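To start, the structure itself, in structure tokens.
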Amino acid sequence: MPTIFDLPTKKSDEQADLPIQNPQEIKASPSAQSKKSNYPTPPGIEMSEIFPGVVKPITEETIFEWQSPSRAFKKRKKQYYTTVATIVLLLSLILVFSGQILTVAVVLSVAFMAYVMMSVPPQEITHKITTYGIRIENKLYYWEEMGRFWFEKKYDQIILKVEIARFPNQLSIVIKTKEEKMVIKQFMSEVLLNQKPEPTLADKVGDWLQKKFPLEIENS
């Protein structure tokens, strides 16, 4: 009994006589053309002439572009680092006496990373609002994976917050001027809902601790 590998691969006479068509020369069948009228084309959207109801892909175009630091930054005083170092040291001693040596290593690693983030100024990077979504340098976040957006203030800087359906779950983008904020808000409102979510329990606890136990005393 012949197997699938023994079947002849030679084209039949009918297949051999068929001309090879250029994909650009292929036209929709009459039945497909008759269905085109059932799919109204929205403004700015181009529909396929071959596949009814299918939108042609669009190229990515930049709508608005601005440069700003990669993260919010505030130059700290020596008192701030001294207070943080004291807290880390006391916490490490408590963990050592309780036998949590591995936890001490984690605490020291986090403290070192925090020190680097707080002491090294961020670099300027390029942000873009495009027809695909928000592009931060070479990383693109699509509109389809975004939720709400809102604005906050941190270290006297304007921060654009955007919910995102992947890590880090929330984008934080620095905006330099109020004029840039107004333009960005106008474009973002065309696609996303401008709404600040309710603070979580962790947010409330963090704000309370920051107010009650400030690590740095501001000069009056």
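Any read-out appearing in this document is the output of simple, stated calculations on the displayed coordinates, not a laboratory observation. All values reported here derive from a predicted model rather than from experimental measurement. Using ideal geometry, Cβ is built from the backbone for each residue, glycine included, and neighbour counts are taken over all protein chains shown.
If I model a spin label at I45 and I63 as a point 7 Å from the Cα along the Cα→Cβ vector, what separation in nanometres do I get?
It is 1.5 nm.
Hey, what's the per residue convex hull volume over the C-alpha atoms of the stretch 147-193, in cubic angstrom? Show your work: numbers first, answer last.
Working: hull volume 2.9 nm³, N = 47.
Per residue, the Cα convex hull of the stretch 147-193 comes to 62 Å³.
Please list, in order along the stretch 147-152, the HN-Hα scalar couplings obtained from phi with the Karplus expression 6.51 cos²θ - 1.76 cosθ + 1.60 (θ = phi - 60°), rounded to whole Hz, x for Gly and Pro.
With coefficients 6.51, -1.76 and 1.60, one gets x, 7, 9, 7, 10, 9 Hz.
Among T103, Y80, P69, flag the residue with its Cα farthest along the positive direction of the charge dipole of the stretch 50-149, charges on Cβ as +1 for Lys/Arg and -1 for Asp/Glu.
It is Y80.
Classify the stretch 76-120 from the C-alpha gyration tensor, please: rounded if a/c falls under 1.5, else prolate or oblate depending on whether a/b exceeds b/c.
Note, shape of the stretch 76-120 comes out oblate.
Quick one: if you stick a label point 7 Å off each Cα along the C-beta vector at F167 and R76, how many nm between them?
2.4
What does the C-alpha gyration tensor say about the overall shape of the stretch 43-129? Classify as rounded when a/c is under 1.5, otherwise prolate if a/b is larger than b/c, or oblate. Please list the in-between numbers first.
Numbers: a/c = 6.97, a/b = 2.48, b/c = 2.81.
Since a/c reaches 1.5 but b/c is at least a/b, the shape of the stretch 43-129 is classed as oblate.
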